[in-house]
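Nothing in this text is a laboratory measurement; each read-out follows from the coordinates by a stated rule. Just so we're clear, the structure is a prediction, and the values are computed from it rather than from any experiment. In this analysis, Cβ positions are derived from the backbone assuming ideal geometry, glycine residues included, and neighbour counts consider all displayed protein chains.
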């Protein structure tokens with residue numbers, strides 16, 4: 001049996017089978033979007049993501065956008081824990097024939113995203129590699145009682161999401177030449193795909209309210225399954241309440257498919273108690289898209305279960 | 001101009017030209033072996049290293065040894081700051097045709113190194129990639145006043161190193177078939193190369209005494225230059241006092257060349273005040289190999305300057 005014969009989840013189980021969990025490790029490997037360590041004076045939140053040219057950066061992405069993305073993915077993970085990101089390290093595997101302008105622009109893109117969210121790029125590593133490979137590792141801090149996990153959703157609570165969905169997936173169709181749109185729509189959708197905004201401020205504002213939370217960059221569908229599994233619950237999603245991006249609704253035939261299964265949107269999916277809706281609305285714009293049930297992930301008004309699929313590497 | 005036309009140092013300068021240094025960042029990008037963040041209740045120490053199959057793992061390395069190495073390199077960086085490593089994340093780019101036994105053994109090797117030094121592997125990322133690529137990011141903690149930097153060596157102080165040198169470089173010659181040795185020597189040298197021990201306990205014991213410190217895995221020569229540059233000093237190294245590994249002395253014609261320029265030894269190079277020798281000797285075995293001068297890096301007894309060379313990626 002080889003790596004390509006099994007799922008990413010099973011590969012992670014296999015590689016981490018021997019890992020233990022030392023003192024002070026609140027959340028360890030395989031457990032959530034980030035690891036959490038209790039230092040005694042608050043918690044440190046950690047995450048890492050490796051991205052590759054062929055699988056993660058479509059041809060038309062600029063160096064600036066690639067740099068931006070390499071930081072944004074990790075900040076989005078920190079945001080999904082309700083933590084404040086403070087610093088990031090980026091390791092770079094760089095092809096020998098990379099133009100120096102590209103290298104400088106890559107750094108500027110990283111820094112544009114980091115500094116927008118008050119995060120410092122504090123180090124990294126650089127060496128020669130066949131394919132451009134970027135590995136970002138971010139650190140954040142949070143008070144222990146404000147950490148939001150995947151596993152806290154309770155039956156009867158409301159299911160919510162920040163922002164609007166489908167923009168990144170629609171942008172990918174345009175980038176791959178599988179769809180076309182007006183210049184203005186095209187520009188908005190490509191920006192959703194190539195320069196996603198991690199929901200750092202939203203994540204911080206939701207800490208203290210959200211009972212569970214996850215970043216939906218893999219796809220809404222996959223994130224619903226992950227949240228349901230971790231919390232031991234199900235979800236009822238109301239089709240009409242899913243906030244679909246404007247350009248997607250007006251231009252594409254399958255906006256719901258793109259929004260649920262497309263992936264690439266850096267939004268936060270979370271649950272809150274019904275009584276907290278007004279308080280949270282004052283702090284963060286979001287949409288209620290359904291509710292927490294006892295089991296199953298149903299799409300109301302379609303008689304369908306939402307499948308576990310989206311953007312996957314393996 | 002392309003990446004391969006300039007040095008790694010210049011590439012790092014280029015990519016990080018735009019990076020700022022936010023509040024609380026004690027040591028940022030380009031400044032030392034690790035980044036250091038002051039949280040107000042102590043310091044967090046961070047480092048990341050990316051390793052690739054073709055450039056970092058000779059063919060005969062086992063999956064267990066590759067896993068071990070991917071953790072050891074980062075723990076060695078944390079040790080060189082005098083900090084206590086507590087957790088590590090490892091991202092893995094995995095070729096599709098990797099056997100599952102290899103994947104499991106890789107994880108066991110990572111965990112063997114981490115758990116030996118009381119470090120938890122708290123997360124990572126895994127995806128498909130042409131070449132096996134591992135990116136480890138470690139975090140440690142230290143009281144601010146115990147952080148040891150590269151830049152603290154003072155003229156007249158003693159120059160010291162832990163352990164013995166040349167073993168990894170000699171092992172590499174054996175691994176590449178460029179040299180041979182008796183079975184017992186061969187085993188010891190290959191172990192130095194493939195399963196280096198990060199000097200975690202030594203680093204902790206030296207905090208409070210060492211006035212400057214660096215990990216010498218790039219080579220003793222390169223580390224001498226880095227320490228001299230950061231501290232604004234020079235070094236006088238006494239050839240006869242360099243502790244050369246036993247198997248190297250007995251089997252190789254050029255033990256001094258291997259020890260100074262070979263690289264791959266995970267030892268700590270540091271400076272201490274003359275009056276502290278006895279106190280430090282009680283805690284950590286080490287060799288005094290010379291002294292801090294005002295400028296230049298001289299090898300006494302050979303009329304030579306020690307050049308800036310060793311194991312470099314670019």
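Miscellaneous remarks
- Centre separation in Å (Cα based) which lies between the stretch A:20-36 and the stretch B:44-79: 21
- Over the protein assembly as shown, DSSP H runs of length four or greater, each weighted -39,500 (n - 2.57), average out per residue to a 222 nm ellipticity of -9500 deg cm²/dmol.
- Rg/Rh, computed from the Cα trace of chain A with Rh as the Kirkwood radius, has the value 0.96.
- This ranking places A:184, B:164, B:115, B:212 by how few other beta-carbon atoms lie within 10 Å of each, fewest first, which gives A:184, B:115, B:164, B:212.
- For the stretch A:103-142, a Kirkwood radius taken over Cα pairs fed into Stokes-Einstein (20 °C, viscosity 1.002 mPa s) yields D = 182 µm²/s.
- The distance between label points at residue A:30 and residue B:41 comes to 3.0 nm (points 7 Å beyond Cα on the Cα→Cβ vector).
- Placing a label point 7 Å from the Cα of residue B:99 along the Cα-to-Cβ direction, the residues of the stretch A:1-41 with a backbone N closer than 15 Å are A:1-4.
- Each listed q (0.06, 0.12 Å⁻¹) maps to a log10 I(q)/I(0) for the protein assembly as shown from the Debye sum over equal C-alpha point scatterers, namely -0.34, -1.21.
- Peptide A:34-43 has a mean of 4 when you count, residue by residue, the C-beta atoms of other protein chains within 10 Å of its C-beta.
- Cα gyration tensor of the stretch A:148-305 - equivalent ellipsoid semi-axes, whole Å, descending: 27, 17, 13
- One compactness figure for the stretch B:1-92 is 1.29, namely its Cα radius of gyration divided by 2.2 N^0.38 Å.
- For the stretch B:187-261, the fraction of alpha-carbon pairs lying more than 15 Å apart is 67 percent, rounded to a whole number.
- Global geometry of the stretch B:64-165, whether rounded, prolate or oblate, following the gyration tensor of its Cα atoms and the 1.5 cut on a/c: prolate
- Once both labels are positioned 7 Å from their Cα atoms along Cα-to-Cβ, the gap between residue B:253 and residue B:118 label points is 4.8 nm.
- Rel. contact order, % - alpha carbon contacts under 8 angstrom, at least six apart, the stretch A:148-305: 44
- Placing a label point 7 Å from the Cα of residue B:144 along the Cα-to-Cβ line, the residues of the stretch B:13-45 whose backbone N sits under 12 Å from it are B:24-27, B:37-44.
- DSSP beta bridges in the stretch A:148-305 [antiparallel fraction, %, rounded to 5]: 80
- Computed over the stretch B:3-145: relative contact order in percent, which uses C-alpha pairs under 8 Å that are six or more apart: 31
- Hull-based mean projected area of the stretch A:143-187, where the convex hull spans the alpha carbons, in square nanometres: 6.0
- Starting from the label point of residue B:184 at 7 Å along Cα→Cβ, the same points in the other copies fall at 8.3 nm, in ascending order.
- Computed over chain A: relative contact order in percent, which uses C-alpha pairs under 8 Å that are six or more apart: 21
- When both the stretch B:85-150 and the stretch A:183-256 are represented by their alpha-carbon centers, they are found 31 Å apart.
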